[in-house]
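Enquirer: Have a look at the structure that comes next, please.
What follows is calculated from the coordinates using simple rules that are stated; it is not laboratory data. Worth saying up front: this structure is predicted, and the values here are computed from it rather than measured. Glycine also receives a Cβ, built like all others from the backbone with ideal geometry; neighbour counts cover every protein chain displayed.
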There are 2 protein chains.
Amino acid sequence: MAEAKCLYIIVIGCGRLGSFLANRLSNQGHSVVVIDINPNSFDALMADQFSGFKIEGDATELAVLSHAKMDKADVVIGATHDENVNIMAGQIAKNNFNVPKVLVRILDPNKESFCRQIGVEYICTTSLAAEKMITALNQK
Amino acid sequence: MAEAKCLYIIVIGCGRLGSFLANRLSNQGHSVVVIDINPNSFDALMADQFSGFKIEGDATELAVLSHAKMDKADVVIGATHDENVNIMAGQIAKNNFNVPKVLVRILDPNKESFCRQIGVEYICTTSLAAEKMITALNQK
């Protein structure tokens, strides 16, 4: 992500992770669209940071993703609390819309191999936390 | 944590993170006790890796922590799904039982400053995932 380039980024899920990323990336000057099934979740978007668009809808529905102009997206981030929704939306972004960069959050380390199989880039928060904790213990 | 030293480690919460750590740390030769309020969660402990003890109980109750011999613990890890339970148990471990190393998992980045204030070491999975995702985007 070159500093000077404004990317079109779709963030799916506006919980803690999604809203954090949407606020940060919009504040950095990128064009950000956030999708969430629950409109109340958009309250976490900060007016002084987020200047993008909000779409209320189910991100596993093609019509919702088309409405978000996923065919134009440089980046799609799957950040809902449901890792299956993230993986499914990530697969659609990759296979149906040819999005160049797709990143999804998963919780279950057992789903890592499945993500690798289908070629969806992932961040597993459980593995990340476990690694960090084990590193912290080793520093004891 | 020197390789040769066997530590007494209490893991609170036997969900994905807690069970992963309990299996790994027990397998590394440490003495591990896992506490969870729901005994079904112990199913995630693998017989070929975990050789520690399981305690069913509420980890915010002093009696449960005493039963786990928290006064003897080298390390306490708060890994339940409820960050408030983790922080509370972490505070008790530190203040009531003088545990030398206490690590808790939190989800809400807004709780980081509170943890710093009370001197409880934390891993915030939301911040970790957000950092990792932003780094991955920068590598695009």
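Enquirer: Select the strands (runs of 3 or more DSSP E) contained entirely in region B:1-113, then report the ones holding at least 2 residues which are closer than 25 Å to A:ARG16 by Cβ and within 12 Å of chain A (Cβ to nearest Cβ).
Expert: B:75-78, B:101-106
Enquirer: Could you say which residue among A:SER66, A:SER19, A:SER31 is at negative phi, buried (at least 22 other Cβ atoms within 10 Å of the Cβ) and of a type in the set (Ser, Thr, Tyr)?
Expert: A:SER19
Enquirer: I would also like to ask the following. For A:ASP43, only one of the following conditions fails: (1) surrounded by fewer than 19 Cβ atoms within 10 Å (Cβ to Cβ); (2) under 14 Å from the mean Cα position of the chain (by Cα). What is its number?
Expert: Of the numbered conditions (1) surrounded by fewer than 19 Cβ atoms within 10 Å (Cβ to Cβ); (2) under 14 Å from the mean Cα position of the chain (by Cα), the odd one out for A:ASP43 is (2).
Enquirer: Select from region B:131-140 the residues that are surrounded by fewer than 23 Cβ atoms within 10 Å (Cβ to Cβ) and of a type outside the set (S, T, N, Q) and write down the one among them that is farthest from the other protein chains (Cβ to nearest Cβ).
Expert: The first filter runs over region B:131-140 and keeps only residues surrounded by fewer than 23 Cβ atoms within 10 Å (Cβ to Cβ), leaving B:131-132, B:134-140.
When the remaining residues are screened for being of a type outside the set (S, T, N, Q), the result is B:131-132, B:134, B:136-137, B:140.
Details: B:GLU131: 9, B:LYS132: 5, B:ILE134: 7, B:ALA136: 6, B:LEU137: 5, B:LYS140: 5 Å.
Among those that are surrounded by fewer than 23 Cβ atoms within 10 Å (Cβ to Cβ) and of a type outside the set (S, T, N, Q), it is B:GLU131.
Enquirer: Go through region B:22-65 and report how many residues are under 14 Å from B:TYR8 (Cα atoms) and β-branched (Val, Ile, Thr).
Expert: The qualifying residues number 4.
Enquirer: Residues of region A:69-91 being surrounded by fewer than 23 Cβ atoms within 10 Å (Cβ to Cβ) and within 18 Å of A:ASN40 (Cβ to Cβ), which ones? Don't jump to the end; show me each part of the working.
Expert: First, the residues of region A:69-91 that are surrounded by fewer than 23 Cβ atoms within 10 Å (Cβ to Cβ): A:69, A:71-72, A:74, A:81-85, A:87-88, A:91.
Correct list: A:HIS81, A:ASP82, A:VAL85.
Enquirer: Moving on. So A:GLY52 passes all but one of these: (1) out of contact with any Asp or Glu (no Cβ under 9 Å at 6 or more places or on another chain); (2) buried (at least 18 other Cβ atoms within 10 Å of the Cβ); (3) touching a residue at least 40 places away in the same chain (Cβ under 8 Å). Which condition number does it fail?
Expert: (3)
Enquirer: How about region A:114-134: which of its residues are under 14 Å from B:LEU128 (Cα atoms) and either of a type in the set (Ser, Thr, Tyr) or in a strand (DSSP E or B) (or both)?
Expert: A:TYR122, A:ILE123, A:CYS124, A:THR125, A:THR126, A:SER127, listed by residue number.
Enquirer: In the set A:ILE92, A:ILE123, which member is within 24 Å of B:ALA79 (Cβ to Cβ) and of a type outside the set (Phe, Trp, Tyr)?
Expert: A:ILE123
Enquirer: Just wondering, is there one or more residues in region B:114-129 that are in contact (Cβ under 8 Å) with a residue 60 or more places away in the chain, in contact with a helix residue (DSSP H, G or I) (Cβ under 9 Å, 6 or more places away or on another chain) and either at the interface with another protein chain (Cβ under 10 Å from one of its Cβ atoms) or not small (Gly, Ala, Ser) (or both)?
Expert: no
Enquirer: Which is touching a helix residue (DSSP H, G or I) at 6+ places or on another chain (Cβ under 9 Å) and not acidic (Asp, Glu), of A:SER66, A:SER51?
Expert: A:SER51 is the lone residue from the list that is touching a helix residue (DSSP H, G or I) at 6+ places or on another chain (Cβ under 9 Å) and not acidic (Asp, Glu).
Enquirer: Checking the structure you have, find out if any residue of region A:108-120 is within 13 Å of A:ILE12 (Cβ to Cβ), buried (at least 18 other Cβ atoms within 10 Å of the Cβ) and not β-branched (Val, Ile, Thr).
Expert: no
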